[in-house]
Amino acid sequence: MNAVHPELEARRPDPALGSATLEAQVERRIAARTLDLPVLPEVATQVMNMTAEEGCSMVALAGVIRRDPAMASHFLRIANSPAYRPTSPVVTLQQALGRLGTGQIRQMALLITCKARLFAVPGHEREVRALFQHSLAAALFSQEIARARRWNVEEAFLCGLLHDIGRPVLLQLLVDLQKELRVKGSADTVAAIITAHHARVGSELLTHWALPAQIAETVLFHHDPGGAPTFRKTALMTALADDLAHALLESKQIDEAAVRAHPTLGPLNMYADELDALLAKRELFAKTVEAIS
Ligand SMILES: [Fe+2]
Ligand SMILES: [Fe+2]
């Protein structure tokens, strides 16, 4: 192999310097709130607004969704997935919307938008796909925990789905920032920045998208549910769903002893029979994640 010319060697970015610059820049931009956060696309915004209104028309909604063909085909795929147990195949968009109902349409519009726009970082496909699968599994577990407690299942689903949304967003921002600053941070530095700041960046993104304050606060405190000032219970629920999702997808088998000793169970008043019912859904959730991702 040819030796690198000493002049070229001298011009190569110093990875230690690059990592320090990158870290300092991200921290400065987060503190100054000057990070360039993605906007919620037009069709998703309209679906969110229309489904929030009483007596929302499915025909009008289908008309809006059809403007985004990728979203329309995703709705069909989701309505036909195992979680919705269709008794006969759903073939038209209107059928799919009718089957889902307005609450689920809101969830799915966000799910599809996040998958297409945010869990999409060129050059990092495998990593963001795994992140999306983790988020979806957490959404399904959260929803189930909320159902048993008679809490709002739609919000619970979104708390799980969006708890780590700061991760792909920060990853894309870091890719862009390295180009802009002409520096190269090490893979460890990039991972450490994402781990340190994803809860805050995710929460700010959701506030920027005008999602309910409960979801933004839950995302901010999903690694420290005891610190949540107003919505501690949803933060606890999301922390449990987060760990269950890791256990389901990463080890392919849930460590039941660890789950039964999870620190959130007491504060959530979750009894053994409820936990059994939750764990009984794991195969269905794994299949749903596979079908949707
Ligand atoms: Fe997280
Ligand atoms: Fe997570």
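The values are calculated or read from the model by the stated rules, or taken from the named source; none is laboratory data. These numbers come from a predicted model, not from an experiment. Neighbour counts run over all protein chains shown; Cβ positions are idealised from the backbone, glycine included.
Answer with yes or no whether ALA210 is assigned by TED's automatic domain parsing to the domain that holds VAL128 and either at negative phi or within 14 Å of ligand 2 (Cβ to nearest atom) (or both).
Considered against the rule, which asks whether it is assigned by TED's automatic domain parsing to the domain that holds VAL128 and either at negative phi or within 14 Å of ligand 2 (Cβ to nearest atom) (or both), ALA210 comes out as no.
Got a sec? Which of ALA191, ALA286, ALA213 is aliphatic (A, V, I, L, M), within 18 Å of SER135 (Cα to Cα) and surrounded by fewer than 16 Cβ atoms within 10 Å (Cβ to Cβ)?
None of the others qualify; the one that does is ALA191.
For the range 209-225, which residues satisfy the criterion of being touching a Lys or Arg at 6+ places or on another chain (Cβ under 7 Å) and free of Cβ contacts under 8 Å to residues at least 24 places away in the same chain?
Within the range 209-225, just LEU220 meets the criteria.
So is LEU211 more than 15 Å from ligand 1 (Cβ to nearest atom) and either over 19 Å from PHE157 (Cα atoms) or modelled with pLDDT under 95 (or both) or not?
Judged against the criteria, LEU211 is a match.
Name the one entry in LEU249, LEU206, LEU236 that is under 15 Å from GLU144 (Cβ atoms) and either in contact with a helix residue (DSSP H, G or I) (Cβ under 6 Å, 6 or more places away or on another chain) or at pLDDT 95 or above (or both).
Unique residue meeting the criteria: LEU236.
Can you pull out the residues in the range 151-191 that are of a type in the set (Gly, Ala, Ser) and without any contact (Cβ under 8 Å) to a residue 60 or more places away in the chain?
Passing the criteria: GLY166, ALA187, ALA191.
Of the residues that sit in the range 138-176 and are touching a Phe, Trp or Tyr at 6+ places or on another chain (Cβ under 9 Å) and β-branched (Val, Ile, Thr), which one is farthest from ligand 1 (Cβ to nearest atom)?
Filtering first and then ranking leaves ILE145.
So, of the residues in the range 230-257 that are of a type in the set (Ser, Thr, Tyr) and either touching a Lys or Arg at 6+ places or on another chain (Cβ under 6 Å) or without any contact (Cβ under 8 Å) to a residue 24 or more places away in the chain (or both), which turns out to be surrounded by the most Cβ atoms within 10 Å (Cβ to Cβ)?
Filtering the range 230-257 for residues that are of a type in the set (Ser, Thr, Tyr) and either touching a Lys or Arg at 6+ places or on another chain (Cβ under 6 Å) or without any contact (Cβ under 8 Å) to a residue 24 or more places away in the chain (or both), the one surrounded by the most Cβ atoms within 10 Å (Cβ to Cβ) comes out as THR230.
Hey, can you tell me all the residues within the range 152-189 that are more than 14 Å from the chain's Cα centre (by Cα), assigned to a loop (DSSP other than H, G, I, E, B) and either of a type in the set (Lys, Arg) or at pLDDT 95 or above (or both)?
Selection gives ARG182, LYS184.
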